[in-house]
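As structure tokens, the structure follows; a few thoughts come after it.
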Amino acid sequence: MTIREAALAGKKTGLFQSCADNESMNIEDLMAGVAEGVIAIPKNIHHDFDKVIGIGKGTSTKVNANIGSSREISSVEAELEKLRVAVKAGTDTVMDLSMGGDLDEVRRGILQDCPIPLGTVPIYQAVAETVEQQGKELVEVTVDHIFKTIEKQAIDGVDFMTIHCGITRHLQQRLLRQKRIMGVVSRGGSFLLEWMSHHKKENPLYEHFDDLLAILKEHEVTLSLGDGIRPGCLADATDRNQVQELIHLGELTERAWEAGVQVIIEGPGHMPMNQITANVLLQKQMCKGAPFYVLGPLVTDIAPGYDHITGAIGGAIAGAAGADYLCYVTPAEHLKLPDIDDVHEGVIASKIAAHAADIAKGLPGAMAKDNEMAVRRNRLDWKGQIEMSLDPDKASRFREEDLSDKGPTCSMCGPYCAIQVFNRSQHNLKKEFAHAGCGNDCR
């Protein structure tokens with residue numbers, strides 16, 4: 001019995017209780033959400049970890065960090081260090097997007113040390129092995145190789161997989177009619193489009209969708225339906241190509257649910273701010289409330305080196321509008337393979353966006369830390385403020401660099417600190433009223 005099937009049957013399990021505790025939810029509400037499909041719990045039966053999380057309606061907005069080697073830079077140790085940095089910074093999940101080196105070794109190394117759900121994009125490995133190990137062209141990857149890679153990664157313990165099932169031959173033809181500036185920027189999407197063009201055949205992940213579901217169900221892998229036609233620039237956002245793929249994803253979602261497989265829907269990566277809310281609403285309608293996983297979205301295309309900021313802006317808007325899951329963007333986006341500093345900055349930026357979204361959603365308890373921070377800030381309790389911050393190490397370092405770190409105020413205001421000035425004024429006012437003899441009755 002899968003997680004979804006257990007929820008539908010009303011069978012309470014230790015996994016549901018653990019997840020409900022972590023999400024501060026009532027177990028009945030959690031199970032109802034899983035049964036309805038509006039909450040997913042990514043947890044492969046072969047991957048043991050402590051923090052079981054829910055993604056979707058009524059849970060906190062989650063953050064994912066992408067790590068992984070490339071053809072040019074490949075080191076298991078480097079990826080494990082990125083994993084540690086991402087987890088310490090507070091990411092909720094990690095995806096291994098490796099395409100260089102020994103891909104099985106990298107993934108298994110990450111899985112062994114990963115205390116949170118891990119995701120992959122299996123077609124990356126199938127294509128990389130075809131090109132790098134077999135010395136063939138990308139289009140020579142076989143359907144059998146793709147599906148054996150999916151099964152191998154499922155057996156290894158991968159908790160969720162991005163699989164681009166919504167691209168079809170019909171959609172491929174549509175791309176010829178509605179031109180884009182950036183075409184297709186999804187690697188997985190581009191791989192499949194070239195394969196389909198070369199072989200003049202249907203997308204095998206769409207054609208053999210039932211076979212895919214059987215593998216995922218057996219190993220309890222959550223299906224993250226990839227948006228292979230997502231816009232790669234603002235000008236391409238919310239076009240017919242993107243929407244048509246979303247319609248396909250909605251149809252596939254229902255088929256996956258019928259098979260007992262949990263689903264997450266991936267969303268756009270580049271989008272003007274004024275289109276984000278409409279896109280979230282469209283996804284929720286087309287996919288019957290399935291958890292929405294947005295890649296940013298980036299709200300401008302002209303900020304290389306700062307795309308963790310453009311992505312966090314879009315993520316906050318999307319989250320407030322109902323998106324459930326934010327894929328981080330790092331300062332290295334569009335420029336290079338992220339290093340550990342980029343990973344850290346990306347996670348923190350997306351955590352800020354996710355937290356801001358939870359406040360906007362009215363998630364119970366979301367503002368508790370903000371209220372406590374305000375109390376400590378008003379007391380000029382520097383140690384307390386650092387403890388409450390999303391990035392205590394950075395806050396502490398800045399405080400230590402401050403010339404007045406031994407005093408009650410910071411170097412920005414010094415003796416002109418507004419908090420101190422206001423508190424003095426209130427103290428003097430109380431003394432004045434006390435001397436006037438009006439006590440608590442003075443207004």
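What the table shows:
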{"item": "Signed unit charges on C-beta, dipole axis of the chain, positive-most listed residue VAL127, VAL299, THR93", "result": "VAL299"}
{"item": "Sorted by Cβ neighbour density within 10 Å, fewest at the top, the residues SER74, SER425, SER98", "result": "SER425, SER74, SER98"}
{"item": "Where GluC sites (Glu not before Pro) in DSSP loops with at most 13 other Cβ within 10 Å are excluded, longest remaining stretch of the chain", "result": "138-443"}
{"item": "Nearest 10 degrees, 0 to 90: helix 307-321 Cα axis against the chain principal axis", "result": "90"}
{"item": "Rounded FRET efficiency, nearest 0.05, which uses the C-beta distance separating LEU176 from LYS136 and R0 of 30 Å", "result": "0.65"}
{"item": "For GLU28, net neighbour charge (Lys/Arg +1, Asp/Glu -1) across residues whose Cβ lies under 15 Å away", "result": "-1"}
{"item": "Label point at ASP239 placed 7 Å out along Cα→Cβ; residues across segment 161-191 whose backbone nitrogen lies under 18 Å", "result": "167-191"}
{"item": "Exposure proxy order (Cβ contacts within 10 Å, fewest to most) of CYS114, CYS417", "result": "CYS417, CYS114"}
{"item": "Dipole-positive endmost among MET388, ASN241, VAL52 within the chain (Cβ charges, Cα centre)", "result": "MET388"}
{"item": "Whole-Å semi-axes of the chain's equivalent ellipsoid (Cα gyration tensor)", "result": "44, 24, 22"}
{"item": "Which of ILE317, ILE45 has the fewest Cβ neighbours within 10 Å, and the rest in rising order", "result": "ILE45, ILE317"}
{"item": "Entries of LYS43/LYS288; LYS62/LYS88; LYS284/LYS361; LYS62/LYS152 with Cα pairs more than 18 Å apart", "result": "LYS43/LYS288; LYS62/LYS152"}
{"item": "Nearest 10 degrees, 0 to 90: helix 273-286 Cα axis against the chain principal axis", "result": "50"}
{"item": "Net charge of Cβ neighbours under 10 Å - reference VAL38; Lys, Arg +1; Asp, Glu -1", "result": "+1"}
{"item": "For the chain, with +1 on Lys and Arg beta carbons and -1 on Asp and Glu, the positive-most of TYR325, PRO272, HIS199 along the dipole", "result": "PRO272"}
{"item": "The chain: relative contact order as a whole-number percent, Cα under 8 Å and 6+ apart", "result": "15"}
{"item": "For the chain, built as a Gaussian network whose Cα springs stay under 10 Å, the top-fluctuating residue of LYS148, LYS431, LYS383", "result": "LYS431"}
{"item": "Low-density loop positions, trypsin sites (Lys or Arg not before Pro), segment 1-86 - DSSP coil, at most 15 other Cβ in 10 Å", "result": "LYS11, LYS12, LYS51, ARG71"}
{"item": "Antiparallel bridge percentage (DSSP; both residues within segment 3-361; nearest 5)", "result": "5"}
{"item": "Debye, to nearest 20: dipole size of the chain, +1 on Lys, Arg Cβ, -1 on Asp, Glu Cβ", "result": "1500"}
{"item": "Stretch gain in nm, segment ARG255-GLU387, where the contour uses 0.36 nm per residue and the Cα spacing is subtracted", "result": "42.9 nm"}
{"item": "Helical mean residue ellipticity (222 nm; -39500 (n - 2.57) per DSSP H run of 4+; nearest 500) of the chain", "result": "-16000 deg cm²/dmol"}
{"item": "Convex hull volume of segment 368-441 per residue (C-alpha atoms, cubic angstrom)", "result": "100"}
{"item": "Nearest 10 degrees, 0 to 90: helix 368-378 Cα axis against the chain principal axis", "result": "30"}
{"item": "Net charge contributed by nearby residues that have their C-beta within less than 12 Å of GLN172 (K/R +1, D/E -1)", "result": "+2"}
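Computed from the coordinates by the stated procedures, all read-outs in this text should not be read as laboratory data. Quick caveat: nothing in here was measured; it's all calculated off a predicted structure. Counting neighbours? That spans all protein chains shown, and the Cβs are built from the backbone with ideal geometry, glycine included.
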